Amino acid sequence: MGGRHRTDELDGGFDPRYEPPPPRRRAGRGTVFVPLAGAVALAVLLGVAAYVVVNKSPGCAGEKVELSVVAAPDIEPAVQKIATKFGKSGRTVDGRCVAVTVKAADSSDVANAMAGTGPTNGKIDPDLWIPDSSLWLSGVKNAPEPAGYAASTPVVLAASKTGADKLQSAFSPSWTGLMSAANAANPDGLARKVRVLALDPTQNAAGLGALLAGAAVLKQGGGSEETLVGVLRQLSESTVSTPDSMFATLTKAAARIPVGVTSEQAVWSYNTTTTPSNPAVALYPAEGTISLDYPIIVATKDAATRKAAQALATEVTSPSGRKTVQDFGFRAPDGKGGSLLKPDNGVSAKKPAAIPLPDSATVTRLAQAWQQIKLGTRLLALIDISGTMALPADKSGVSRMRAITDLTVEGLKLFPDKAEIGIWAFSDNLRGPGVDWKPVVQIGPLAQQINGVTRRDVIMKALRQAKAIPTGNTGLNDTLWAAYQKMTKEYEPDKVNTILLFTDGVGNDDPNGGISNTEILRKLKDAYDPKRPVSILIISFNTQKDEDRTQMTSIAKATGGAAYFPQTILEIRNIFLKGIARRLQ
């Protein structure tokens with residue numbers, strides 16, 4: 001965009017910084033008032049033109065340096081005010097005045113445009129860019145170093161004032177508490193009282209900052225990857241598109257108290273521009289937080305336009321510029337808050353402890369993990385109902401069949417309603433000689449109605465009614481191959497396509513022959529397509545023999561999957577999370 005120029009349509013005019021010339025001596029009464037009245041009428045009719053003429057600075061009659069500025073929507077009003085003052089100041093670059101235009105655009109859009117990846121809303125090519133966070137620069141190759149920072153605002157938790165009062169006895173504002181409330185693997189904990197609302201981290205820096213802060217605190221406290229996966233899975237189903245949507249949800253009465261994640265400035269803006277009856281309250285995490293830092297990025301290559309951009313950056317970072325951004329609810333780059341950050345506006349001027357921004361690799365890895373977790377699920381579960389499944393699972397005396405089906409019902413809670421899941425049962429000769437499997441519930445969305453009830457309920461009922469066949473053998477390999485052919489034929493690219501095998505670890509035991517252990521490995525390796533992956537995850541309960549574990553691990557690895565061998569009933573929930581965690585790899 002650098003190097004664009006235009007010629008003003010209006011020339012001349014006096015500069016208000018100089019004294020006007022003394023009035024001319026009147027020559028007579030009648031000869032002056034007629035042209036004067038015409039001039040006044042023309043000025044009224046052409047008010048805009050008159051304004052431009054009056055406000056033109058000396059030396060601006062020729063070409064100007066045009067400077068295009070794009071700022072994050074929250075800070076755009078402050079930047080606009082600073083740019084207007086800058087434009088009226090008469091500042092010149094190489095003898096030419098500067099014409100500044102300021103537009104608002106989501107930082108994610110601009111970052112995608114500069115990186116050449118992801119969706120954008122039209123062509124975006126600013127000379128000067130002020131995103132809400134340096135986090136966006138991690139995806140821009142060879143991103144310029146910031147010319148300064150326009151402002152800062154910490155990422156905070158938020159609740160309605162009514163909700164915050166109710167939370168005092170149950171929830172201490174912290175990333176630890178938030179992660180606990182958002183952990184899909186612990187639905188009976190804090191999640192029973194608190195509903196966490198997340199901003200989409202691919203679209204909102206406060207949403208991304210919250211995930212990074214929570215992940216950092218979790219790692220520092222020795223938390224597992226499975227816990228993080230549980231949080232991501234839960235938050236992926238409770239994202240809101242904009243801060244406005246989040247604030248609207250916060251103020252609604254609900255059985256669980258909603259707690260959101262946003263920026264301090266967003267809380268201030270909501271309370272001061274909408275005057276809600278139930279205002280929002282910023283809750284500052286006890287461990288500290290990440291702040292949005294509003295870097296000033298000079299993107300143009302044109303020499304004159306770069307000088308203009310640097311001059312405007314100097315204005316933004318000046319004491320006057322600092323005061324302007326504070327007037328819009330932001331902090332100075334050093335974290336100092338202005339007089340408007342006060343409890344009456346739902347915020348506090350006290351500077352929170354800082355969690356430093358992570359490196360680009362960490363940001364990219366977490367962003368990719370989020371994208372993977374957000375993918376839909378298409379899953380076919382294979383349930384072993386052979387005779388050995390009637391044996392006790394452990395010292396509790398519960399049968400292997402009941403242990404696996406009960407735990408499968410529990411694991412089903414981890415999947416959202418949009419997940420597409422179906423079930424086959426297998427033993428041997430279930431549908432005639434050599435056909436060792438039978439469909440129990442066809443694959444489809446869990447929320448879909450089947451004869452008046454949801455598929456989720458149909459699956460849960462089928463699992464609870466499942467019984468082992470006392471004389472049944474284990475036609476594992478034939479079943480796996482039939483399932484793999486089905487899933488590859490019906491592959492859906494916008495979903496994670498998976499076969500989930502539940503068995504008791506005896507392995508293939510098919511007196512009718514069928515596919516051998518060697519042959520199933522060859523078939524699966526030949527059929528696996530990394531561009532259209534269908535993975536096999538195996539949960540083999542109470543598997544003891546090394547050869548059985550080796551065979552099942554080889555089957556899973558042939559398709560990019562994994563095999564797990566839980567020994568107790570309590571391990572199953574984490575096994576499900578490990579399966580979901582494979583999407584991060």
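Look at the range 383-394: where a residue is on the phi < 0 side of the Ramachandran plot and a partner is open to solvent by 10 Å² or more (accessible area, probe 1.4 Å) and of a type in the set (Phe, Trp, Tyr), sitting 6+ places away or on another chain with Cβ atoms under 8 Å, you get 383/424.
State yes or no: is residue 240 under 16 Å from the mean Cα position of the chain (by Cα), within 19 Å of residue 190 (Cβ to Cβ) and at pLDDT below 90? No, not satisfied.
Residue by residue, here is whether (1) under 26 Å from residue 354 (Cα atoms); (2) in contact with a His (Cβ under 8 Å, 6 or more places away or on another chain); (3) modelled with pLDDT of 90 or more; (4) open to solvent by 10 Å² or more (accessible area, probe 1.4 Å) holds:
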position: 207; (1), (2), (3), (4): yes, no, yes, no
position: 211; (1), (2), (3), (4): yes, no, yes, yes
position: 221; (1), (2), (3), (4): yes, no, no, yes
position: 225; (1), (2), (3), (4): yes, no, no, yes
position: 254; (1), (2), (3), (4): no, no, no, yes
position: 283; (1), (2), (3), (4): yes, no, yes, yes
position: 290; (1), (2), (3), (4): yes, no, yes, no
position: 301; (1), (2), (3), (4): no, no, yes, yes
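The C-beta contact set for the range 514-536 (first residue of a type outside the set (Asp, Glu), second residue in a loop (DSSP other than H, G, I, E, B) and open to solvent by 60 Å² or more (accessible area, probe 1.4 Å), distance under 9 angstrom, 6+ apart or interchain) comprises 532/493; 534/528; 535/528. Of the residues making up the range 465-491, those that are out of contact with any Asp or Glu (no Cβ under 8 Å at 6 or more places or on another chain) and open to solvent by 40 Å² or more (accessible area, probe 1.4 Å) are 465, 467, 469, 470, 471, 481, 485, 486, 489, 490.
Taken over the range 336-352, the criterion of being crowded, with 16+ Cβ neighbours inside 10 Å, under 13 Å from residue 272 (Cβ atoms) and not β-branched (Val, Ile, Thr) is satisfied by 338, 340, 341, 345, 346. Among residues of the range 156-174 being within 28 Å of residue 325 (Cα to Cα) and out of contact with any Leu (no Cβ under 7 Å at 6 or more places or on another chain), the one that is most open to solvent (accessible area, probe 1.4 Å) is 161. For the range 464-499, the set of residues classified as in a helix (DSSP H, G or I) and farther than 27 Å from residue 533 by Cβ consists of 464, 465, listed by residue number. Looking across the range 415-450, the residues that are of a type in the set (A, V, I, L, M) and closer than 17 Å to residue 461 by Cα come down to 421, 423, 425, 440, 441, 443, 446, 447, 450. Just a yes or no: is a residue in the range 521-533 within 30 Å of the chain's Cα centre (by Cα) and not charged (D, E, K, R)? Within the range 521-533, one or more residues are within 30 Å of the chain's Cα centre (by Cα) and not charged (D, E, K, R). Is it the case, given these coordinates, that residue 225 is more than 20 Å from residue 290 (Cα to Cα) and under 14 Å from the mean Cα position of the chain (by Cα)? For residue 225, the condition - more than 20 Å from residue 290 (Cα to Cα) and under 14 Å from the mean Cα position of the chain (by Cα) - is not met.
Within the range 131-146, the set of residues being open to solvent by 40 Å² or more (accessible area, probe 1.4 Å) and in contact (Cβ under 8 Å) with a residue 60 or more places away in the chain comprises 139, 144.
The set of residues in the range 98-124 that are at pLDDT 90 or above and either more than 25 Å from residue 140 (Cβ to Cβ) or open to solvent by 40 Å² or more (accessible area, probe 1.4 Å) (or both) comprises 98, 99, 101, 103, 104, 106. When the residues of the range 271-281 are filtered to those that are under 16 Å from residue 328 (Cβ atoms) and without any contact (Cβ under 8 Å) to a residue 40 or more places away in the chain, the one that is least open to solvent (accessible area, probe 1.4 Å) is 274. Listed by position, the helices (runs of 4 or more DSSP H) inside the range 239-339 whose residues that are more than 30 Å from residue 193 (Cα to Cα) number at least 3 are 303-316, 319-327.
Checking 509, 546 one by one, the residue that is in contact with a strand residue (DSSP E or B) (Cβ under 9 Å, 6 or more places away or on another chain), open to solvent by 20 Å² or more (accessible area, probe 1.4 Å), farther than 26 Å from residue 375 by Cβ and not β-branched (Val, Ile, Thr) is 509 and no other. Looking for something in contact with a Pro (Cβ under 9 Å, 6 or more places away or on another chain) and not hydroxyl-bearing (Ser, Thr, Tyr) - is there at least one such residue anywhere in the range 513-528? Taking every residue of the range 513-528 in turn, none turns out to be in contact with a Pro (Cβ under 9 Å, 6 or more places away or on another chain) and not hydroxyl-bearing (Ser, Thr, Tyr).
In this structure, does residue 456 turn out to be of a type in the set (D, E, K, R) and closer than 15 Å to residue 540 by Cα? Taking the combined requirement at face value, the residue does not satisfy it.
For the range 160-178, a tally of residues being part of a helix (DSSP H, G or I), of a type outside the set (S, T, N, Q) and modelled with pLDDT of 85 or more returns 8. Under the condition of being part of a loop (DSSP other than H, G, I, E, B) and either more than 13 Å from residue 484 (Cα to Cα) or open to solvent by less than 40 Å² (accessible area, probe 1.4 Å) (or both), the residues counted in the range 512-543 number 10. Restricting attention to the range 549-560, and to residues there that are under 21 Å from residue 383 (Cβ atoms) and open to solvent by 10 Å² or more (accessible area, probe 1.4 Å), which single residue is modelled with the highest pLDDT? Of everything passing the filter in the range 549-560, 553 is modelled with the highest pLDDT.
Only one of the listed residues (452, 434) is touching a residue at least 60 places away in the same chain (Cβ under 8 Å), out of contact with any Lys or Arg (no Cβ under 8 Å at 6 or more places or on another chain) and not charged (D, E, K, R). That residue is 434. Considering (1) modelled with pLDDT of 85 or more; (2) outside any strand (DSSP E or B), the lone condition that residue 157 does not fulfil carries the number (2).
The values are calculated or read from the model by the stated rules, or taken from the named source; none is laboratory data. All figures in this text were calculated on a predicted structure; none of them were measured in a lab. Neighbour counts run over all protein chains shown; Cβ positions are idealised from the backbone, glycine included. Protein only, heavy atoms only, side chains kept; ligands, DNA and RNA dropped before computing areas. Shrake-Rupley method; radii C 1.70, N 1.55, O 1.52, S 1.80 Å.
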